[in-house]
1. Using DSSP loop states and a limit of at most 14 other Cβ atoms within 10 Å to flag chymotrypsin sites (Phe, Trp or Tyr not before Pro), what is the longest stretch of the chain containing no flagged site?
2. What percent of all Cα-Cα pairs in the chain falls in each 10 Å bin, counting up from 0?
3. Run the numbers on the chain and let me know its relative contact order in percent, using alpha-carbon pairs under 8 Å that are six or more apart.
4. With a 1.4 Å probe and every protein chain kept in, tell me what percent of the accessible surface of the chain is carbon plus sulfur.
5. Quick one: putting +1 on the C-beta of Lys and Arg, -1 on the C-beta of Asp and Glu, what dipole do you get for the chain around its Cα centre, in Debye to the nearest 20?
6. Determine the relative contact order of the range 3-149: mean sequence separation of Cα pairs under 8 Å and six or more apart, normalised by residue count, in whole percent.
7. Of all the stretches in the chain, which is the longest one without any exposed loop site, taking GluC sites (Glu not before Pro) in a DSSP loop (any state but H, G, I, E, B) with at most 14 other Cβ atoms within 10 Å?
8. Assigning unit charges at the beta carbon (Lys, Arg +1; Asp, Glu -1) and nothing else, what dipole magnitude in debye, to the nearest 20, does the range 323-367 show about its Cα centre?
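The values are calculated or read from the model by the stated rules, or taken from the named source; none is laboratory data. Remember, it's a predicted structure, so these values are computed and weren't measured experimentally. As a convention, Cβ positions derive from the backbone with ideal geometry for all residues, glycine included, and neighbour counts pool all protein chains shown. We work out accessible area using only protein heavy atoms, side chains counted, and drop any ligands, DNA or RNA first. Shrake-Rupley method; radii C 1.70, N 1.55, O 1.52, S 1.80 Å.
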Amino acid sequence: MDAREIREKFKPAIRPIQWVGDKLVLLDQRALPFETRYIELKTVDEVAEAIRSMAVRGAPAIGITAAFGMVIAMLEKQHYTINAAMEALKRAKETLAKTRPTAVNLFWALERMYDKAVKLATETTSVRELTHLLEEEAKKIFEEELEAEIKMGLYGAELLEDGDVVLTICNAGGLATGTGLGTATAPIYIANMLGKQISVVAPETRPWQQGARLTVYELIHNKIPTTLIADTAVGLVMYKKKVNIVMVGADRITLDGHVFNKIGTLNEAVLAHEFGIPFYVVAPTSTIDSKNKPNEVEIEERNPDEVRTVRTTQGNIYITIRDVSVYNPVFDITPPKYITGVITERGIAIQPLDRNIPRIMNIYNRD
Ligand code: MRU
């Protein structure tokens with residue numbers, strides 16, 4: 001099966017992001033898996049709040065949402081001149097960029113939309129046309145993400161054999177990218193379409209529990225056999241050979257191969273290295289940061305109550321003393337030496353990553 005056939009056959013079981021006329025409709029990931037609730041966004045502030053509060057989350061999904069947020073900036077108020085519209089876009093870009101710091105796709109999408117507007121502003125005098133063309137650009141970003149995932153899925157599926165058990169982390173699935181296919185899950189779904197039986201071990205992913213709440217929900221919806229484990233069971237699962245390959249997503253990958261992803265990824269990578277289990281990162285090239293060095297990237301720290309509590313259908317319940325001091329970084333950094341390969345839509349970057357990631361990005365002789 002090639003990319004075109006997969007595209008035709010792929011019918012997403014879940015549609016986390018939809019652009020309907022002049023509004024953005026999001027599947028509210030805060031309510032899953034117990035409630036299927038959609039929220040409608042019509043202002044830039046609402047879009048920013050949806051990203052900040054994680055109604056939408058996952059690096060590519062945040063980028064796509066922000067791109068539509070820029071279209072909403074054009075529609076939310078009437079702009080009488082191109083200059084006024086450009087001012088509104090600048091303000092929207094600033095507001096949306098402040099929502100979450102680590103996923104580079106957010107900044108990538110905002111810059112792409114703003115740069116496109118700057119270029120279009122020299123070519124048109126009509127605010128209406130500018131709005132229409134920006135809407136087309138946001139849709140293109142969304143469509144390109146799905147195309148990239150199909151390609152990554154085909155590359156990754158070649159690494160999977162019938163009967164394989166994949167360990168993942170967090171949710172790097174269709175919910176995290178908005179397409180229904182995902183990054184780390186794309187090889188699994190596509191291998192499955194190709195007739196291979198693949199199952200998944202999903203760690204719960206404290207504190208926000210993306211694994212327990214979202215990955216389990218999504219994989220079961222897509223009929224992939226899934227076993228939920230506590231995060232602390234990862235070592236034993238590898239020791240007992242209950243998984244034979246690891247596939248995770250990424251929020252940002254620096255050119256030298258450092259991977260920023262959900263807290264706990266580093267633990268999995270070091271353990272996989274120790275137990276000789278291949279460790280793959282699956283991410284589109286929009287997740288590759290060609291500007292910053294690892295120590296220049298901000299790791300998001302979230303509300304301490306995420307650690308002090310657990311989520312239940314009745315709300316959050318404290319599991320510790322209410323004012324205990326907490327450190328809650330929600331991403332970690334995996335050094336390149338622990339990574340077998342980075343699967344992108346342009347191919348798989350293998351070791352040495354500091355040479356092969358720049359090659360994939362067509363960047364040569366940077367020193
Ligand atoms: O805090 P989150 O839920 O936005 O974190 C998501 C992740 O860490 C994912 O692994 C990453 O964004 C890749 S999603 C395809």
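1. Working: sites that count: Phe34, Tyr80, Tyr327, Tyr364.
The longest uninterrupted stretch comes out as 81-326.
2. Spelled out per bin, shortest first, that is 5, 25, 34, 25, 9, 2, 0.
3. Working: 713 pairs, mean separation 57.4, N = 367.
With pairs under 8 Å counted, the relative contact order is 16 percent.
4. Working: 8190 of 16430 Å².
The C+S portion of the solvent-accessible surface of the chain is 50 percent.
5. On the way: 44 positive and 48 negative charges, 65 e Å.
That gives a dipole near 320 debye.
6. On the way: 177 pairs, mean separation 32.4, N = 147.
About 22 percent, as a whole number.
7. Values: sites that count: Glu35, Glu123, Glu158, Glu161, Glu298.
Segment 162-297 is the longest.
8. Details: 5 positive and 5 negative charges, 71 e Å.
My answer is approximately 340 debye.
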